[in-house]
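The values are calculated or read from the model by the stated rules, or taken from the named source; none is laboratory data. Quantities reported herein were computed from a predicted structural model and do not represent experimental measurements. As a convention, Cβ positions derive from the backbone with ideal geometry for all residues, glycine included, and neighbour counts pool all protein chains shown.
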Amino acid sequence: MHETIDPEACTTMLEVRAGVDAVDRALVDLLKRRFGYMDAAARIKPERGLVRDEGRKAQVIQNARAHARAAGIPEAPIADLWERLVEASIAYELEQFDRR
């Protein structure tokens, strides 16, 4: 296992790939935590119809877009990723709600 370094310090593709792999592992860990909140939402919401909240969905995507802008990374691809993430989260939450 290679120690990861900051992207700016990379001089080889091996370093780049090790960094990307480390970030991907961290992202999956964060997504696990995010989906844990979907478990909580499915447990807390009293009705299945409350799982999909288009206003909240738009807010979450807009927040991601604003964070991307502030971070200096492209907003549109981040918004597209969050669209898919939110839809996957809704589908997961519906499954968890139905298991109750």
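A few notes on this one:
- In region 78-100, the residues that are more than 17 Å from residue 31 (Cβ to Cβ) and surrounded by 10 or more Cβ atoms within 10 Å (Cβ to Cβ): 79, 94, 97, 98
- Matching residues in region 32-53 - criterion: being in contact (Cβ under 8 Å) with a residue 40 or more places away in the chain and hydrophobic (A, V, I, L, M, F, W, C): 35, 38, 41, 42, 51
- Criterion (at pLDDT below 95 and among the β-branched types (Val, Ile, Thr)) met by exactly one of 4, 12: 4
- Flag if residue 66 is among the aliphatic types (A, V, I, L, M), closer than 24 Å to residue 100 by Cβ and either within 12 Å of the chain's Cα centre (by Cα) or surrounded by 10 or more Cβ atoms within 10 Å (Cβ to Cβ) (or both): no
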